[in-house]
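Rule-based calculations on the coordinates, nothing more; no lab input. Since we're looking at a predicted model, the values are computed, not measured. Every residue, glycine among them, receives a Cβ derived from its backbone with ideal geometry; neighbour counts consider all protein chains shown.
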Amino acid sequence: MTDRTDRTITSRNGGQSMGDRAPGGLGALLRQHIGFAPSPISDRSQRLASRLQGAQVATSVCPYCAVGCSQLVYSRDGKVIDIEGNPDSPINAGHLCPKGASTYQLINNPNRPTRVLYRAPRSDHWEERPLDWAMDRIAARIKEARDQDFVMHNDDGVRVNRLESVASIGGATLDNEENYLMLKLFRNLGVVYLTNQARI
């Protein structure tokens, strides 16, 4: 009487094992019955390649928090196709938080507005307007507010040169240089309510 191992592997019958009876010996038997193959990779798998193969890569910085995680931005034909953590960075060693890992959606997102939308006062709908119109409109409204509300002296006669009816809020995707220019502009206009996320 043989044990379980002998029955499943050798299955002795009349003192002769299945490996002894199989052409090529036990190795051939195992290849036929256990699924062992010299190359388990299919022809399709061998033809597969990385979707990043041949793409251009640029080093960037995550635009969210102040950690400054490094990112690799892959592009092909002028379009960003992937953003990953940079494994060579001593800051994040290739890792990204959920927000950093989703920065690809800042660029390729069907819900991202790509045109200027304007809603007139007391209107119930948005209208598409040209970018040049919007820039001129913003400049005209800022000048109008400054001409009307600029305070040169306070109640004590001290010169303050301030404008309190305009404020500036910088976004997380603005870098230090952009925030510097914004602050320089608005401080020269006398704006005192300024905030930004000068993180990258």
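Points worth noting:
- The convex hull defined by the C-alpha atoms of segment 93-200 has an orientation-averaged projected area of 10.7 nm².
- For segment 56-107, the Stokes-Einstein estimate of translational diffusion at 37 °C and a viscosity of 0.692 mPa s comes to 301 µm²/s, using the Kirkwood hydrodynamic radius over alpha-carbon pairs.
- Counting 0.36 nm for each residue step from residue 127 to residue 112 and taking away their Cα separation leaves a gain of 3.8 nm.
- Residues in segment 164-194 reached by a label modelled at residue 155 [backbone nitrogen below 17 Å; 7 Å Cα→Cβ]: 164
- Computed from label points 7 Å out along Cα-Cβ, the spacing between residue 52 and residue 145 is 4.3 nm.
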